[in-house]
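The values are calculated or read from the model by the stated rules, or taken from the named source; none is laboratory data. Given the structure is predicted, the values throughout are model-derived calculations rather than measurements. With ideal geometry, Cβ positions are generated from the backbone for all residues, glycine too; neighbour counts draw on all protein chains shown. Surface areas here come from the heavy atoms of the whole protein model, side chains and all, with no ligands, DNA or RNA. Shrake-Rupley method; radii C 1.70, N 1.55, O 1.52, S 1.80 Å.
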Amino acid sequence: MDKILVKYLVCPQCKHQLKLQPFELENEEFMEGLLICKGEQCGAWYPITRGIPRMLPENLRLELTNEFVKRFKTQFDSLSLGYEFELPEDELKELKQETIKNFGHEWLEYSRFGWDDPQYDITSEENVFLHKSLLAASEIKDKFVLDAGCGNGRYSYWASVYGGRVIGMDLGDGVESAYKNTRNLSNTHIVQGDIFNPPFKRIFDVIYSIGVLMHTGNAQKATTSLSELLKPNGSLTAHVYGKGNTVYEYIDASLRNRTTRMSIDNLSQLTKRLYSASNVLKRLRLLRLVNVFMRLEDHPHCIFDWYAAPIATHHTYDEVKKWCDEMGLRVLATNEKIPQTLSQRVKDILRSRHSVTVRAISAGALIDGEN
């Protein structure tokens, strides 16, 4: 962790500033240490481990905290810090814990997906990023950027290449892969945090969340949480799963009702079988047709990602645009394709819209009390 990152962080519980207490350094980078809340009534602290600040509430990092305290007991005890905190109620705690487990496995197993993967490498991911973020390189240069749900960091990489000052945040252990994959980028930082309680000041010119919000348990609330981090005239892109036709939605719900109850090992085995089936369908030129009625990808990572998520809500353009309106954001652009002819309308009813992407901008005036 670079020391400069402390300037942008706050305690996710009380929003006070943080004090850095380093334990181990490596080439001027803080690899192990603590971030201690300066709020007099809070008392929270957050470990820095393997170069990553872990800005999660205690109930989402118990194992990590216990291991950290055991390793640095002498230093920890000298600071006279408490081991237990009064935590706010979190109705989504169990979902978050399951999400950390499943997506943590995914991004460690497929840590190089989108980097040097034979099928999806970092070059091919550039166009994917631009399409899903609805951003141009010129809109990122010299801007503060938040990659909300950064996975293994491949989109953080492109925002960095375009000259952004980038922070990638993720809930699970995918931050381990993101940190390793982006460590050589001086303008990129990785933070483990909760999208509902993001540990940041209101500093961002650009925020994008690609393929994440629908896994949170409350996509609208998660989007609202991110919007509160935008500076005046800041840009927010939400890329979520789209709602398909009736048959597609029924089959998808039925399949996920089973897959989300599977162990990771069993789901990994199912992923291999579905991937084999997708290869056969691809050779027969039937994969696109099958995807009208169910989601079957041509890469094992994509299959695992789709069926492993504990929750995956599907949305429409009208719905996401309404969120923006309620947040006081003005829609700038979408990836929506509106059918013009009768034939196109029929196809639109039958097809499954796998994603919905909306980019909006915040109001230009400062909110009272902010600077």
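The set of residues from segment 221-264 being basic (Lys, Arg) and touching a residue at least 24 places away in the same chain (Cβ under 8 Å) comprises Lys221, Lys231, Lys243, Arg256.
Pairs are defined by a Cβ separation below 8 Å, a sequence spacing of at least 6 or placement on different chains, a first member in segment 55-74 that is of a type in the set (Ser, Thr, Tyr), and a second member that is surrounded by 14 or more Cβ atoms within 10 Å (Cβ to Cβ); the pairs so defined are Thr65/Pro47; Thr65/Glu58. Is one or more of the residues making up segment 118-133 surrounded by 14 or more Cβ atoms within 10 Å (Cβ to Cβ), of a type in the set (Gly, Ala, Ser) and in contact (Cβ under 8 Å) with a residue 24 or more places away in the chain? Yes, there is a match, as at least one residue in segment 118-133 is surrounded by 14 or more Cβ atoms within 10 Å (Cβ to Cβ), of a type in the set (Gly, Ala, Ser) and in contact (Cβ under 8 Å) with a residue 24 or more places away in the chain.
Can you tell which of Val331, Val320 is open to solvent by less than 40 Å² (accessible area, probe 1.4 Å), farther than 24 Å from Phe113 by Cα, out of contact with any Gly (no Cβ under 9 Å at 6 or more places or on another chain) and at pLDDT 95 or above? The match here is Val320.
Taking every residue in segment 12-38 that is under 23 Å from Leu229 (Cβ atoms) and pairing it with any residue that is of a type in the set (S, T, N, Q) and open to solvent by 40 Å² or more (accessible area, probe 1.4 Å), at least 6 positions away or on another chain, the pairs with Cβ-Cβ distances below 9 Å are Pro12/Asn197; Gln13/Asn197; Cys14/Gln41; Leu35/Gln21; Ile36/Gln21; Cys37/Gln13; Cys37/Gln17; Lys38/Gln17.
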